[in-house]
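*Asks:* The structure's right below; bear with me while I get my questions together.
The values are calculated or read from the model by the stated rules, or taken from the named source; none is laboratory data. Note that the structure is a prediction, hence the values are computed from the model and not measured. Every residue, glycine among them, receives a Cβ derived from its backbone with ideal geometry; neighbour counts consider all protein chains shown. Calculation scope for accessible area: heavy atoms of the full protein, side chains included, ligands and nucleic acids excluded. Shrake-Rupley method; radii C 1.70, N 1.55, O 1.52, S 1.80 Å.
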Amino acid sequence: MLPLVICGEIGVEILIIAAFLGLIPAFIAQSKGRSFGAWWLYGFLLFIVALIHSLCLSGSKQDIENIQLDQGMVRCPLCAELIRSEAVKCKHCGSDISDQMANLHNPSFSLRDIDYTTLLVRSDNSVSLDDGVVKTLAEVMKKQSKSVYPSHIFAEYQGDVTYVKYLLPSTLQEDFVKRLKYWLGRG
């Protein structure tokens, strides 16, 4: 029987080396849109297998697009392909987009500019949200945003949403955010 030294100095060194080696497949998999933590654990436990597996992975198109959007790329307003935000001509459709890109860098829409009372409907002694106005806000946000993903659009306007939220009565604040997210998610 071979003695297994896990609690000794050799065992601790092996665990430290395995922890660092587990980072390699984790970083590769993360660049392809996969979970860093799960792949680190996989690499820690089965380094060689995880390394080969992570190299063979193909990133999903949506994950790659999300990473590119996070890195500052935008969608062409005419063909919806990803392009650099500094572009004046789309490399995919060949359209001159300098005017649209100028509007993107100087957004003219802000939720802070709206009159928050237009969001309210008063009846007798109660106040509620006007869902039609919230829907219209969401549509304008989608139109003005550089992203097509609801979570990215919401994140882009997070400060403005929070500002408007706290102008509303406390009973309607969370409902406003919930309804806005709902309408952003609707096609």
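*Asks:* Do we find a residue being of a type in the set (V, I, T), open to solvent by 60 Å² or more (accessible area, probe 1.4 Å) and at pLDDT 80 or above anywhere in the range 82-95?
*Replies:* Yes: one or more hits.
*Asks:* Let me ask something additional. Is the range 96-110 home to any residue that is of a type in the set (D, E), within 25 Å of the chain's Cα centre (by Cα) and either farther than 26 Å from Q62 by Cβ or surrounded by 14 or more Cβ atoms within 10 Å (Cβ to Cβ) (or both)?
*Replies:* Scanning the range 96-110 turns up no residue that is of a type in the set (D, E), within 25 Å of the chain's Cα centre (by Cα) and either farther than 26 Å from Q62 by Cβ or surrounded by 14 or more Cβ atoms within 10 Å (Cβ to Cβ) (or both).
*Asks:* Hey, another quick one. Taking M141 as meeting all but one of (1) outside any helix (DSSP H, G or I); (2) touching a residue at least 40 places away in the same chain (Cβ under 8 Å), write down the number of the exception.
*Replies:* Every listed condition holds for M141 apart from (1).
*Asks:* If you don't mind, another one. Just the residues that are under 16 Å from D115 (Cα atoms) and in a helix (DSSP H, G or I), please, taken from the range 160-171.
*Replies:* Residues satisfying the conditions are D160, V161, T162, Y163, V164, K165.
*Asks:* Among the residues of the range 26-40, which ones are in a helix (DSSP H, G or I), open to solvent by 60 Å² or more (accessible area, probe 1.4 Å) and either modelled with pLDDT under 90 or β-branched (V, I, T) (or both)?
*Replies:* Once the filter is applied, which keeps residues that are in a helix (DSSP H, G or I), open to solvent by 60 Å² or more (accessible area, probe 1.4 Å) and either modelled with pLDDT under 90 or β-branched (V, I, T) (or both), the range 26-40 yields Q30, S31.
*Asks:* Name the residue, out of Y182, Y166, that is within 17 Å of the chain's Cα centre (by Cα) and not charged (D, E, K, R).
*Replies:* Y182
Quick grid of which residues meet (1) more than 19 Å from H152 (Cβ to Cβ); (2) open to solvent by less than 80 Å² (accessible area, probe 1.4 Å); (3) touching a helix residue (DSSP H, G or I) at 6+ places or on another chain (Cβ under 7 Å):
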site	(1), (2), (3)
I24	yes, yes, yes
Y42	yes, yes, yes
I48	yes, no, no
L55	yes, no, yes
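*Asks:* Let me ask something else about it. Within the range 65-74, can you find the residues that are at pLDDT 80 or above and outside any loop (DSSP other than H, G, I, E, B)?
*Replies:* V74
*Asks:* Being out of contact with any Leu (no Cβ under 8 Å at 6 or more places or on another chain), without any contact (Cβ under 8 Å) to a residue 12 or more places away in the chain and in a helix (DSSP H, G or I), is that true of even one residue in the range 114-135?
*Replies:* Within the range 114-135 (the criterion being out of contact with any Leu (no Cβ under 8 Å at 6 or more places or on another chain), without any contact (Cβ under 8 Å) to a residue 12 or more places away in the chain and in a helix (DSSP H, G or I)), the answer is yes, since at least one residue qualifies.
*Asks:* Taking the condition closer than 26 Å to C79 by Cα, outside any helix (DSSP H, G or I), modelled with pLDDT under 90 and among the hydroxyl-bearing types (S, T, Y), does S147 pass?
*Replies:* The answer is yes for S147.
*Asks:* In the range 111-147, what count of residues is obtained for those that are open to solvent by 60 Å² or more (accessible area, probe 1.4 Å), in contact with a helix residue (DSSP H, G or I) (Cβ under 8 Å, 6 or more places away or on another chain) and β-branched (V, I, T)?
*Replies:* Here the count works out to 1.
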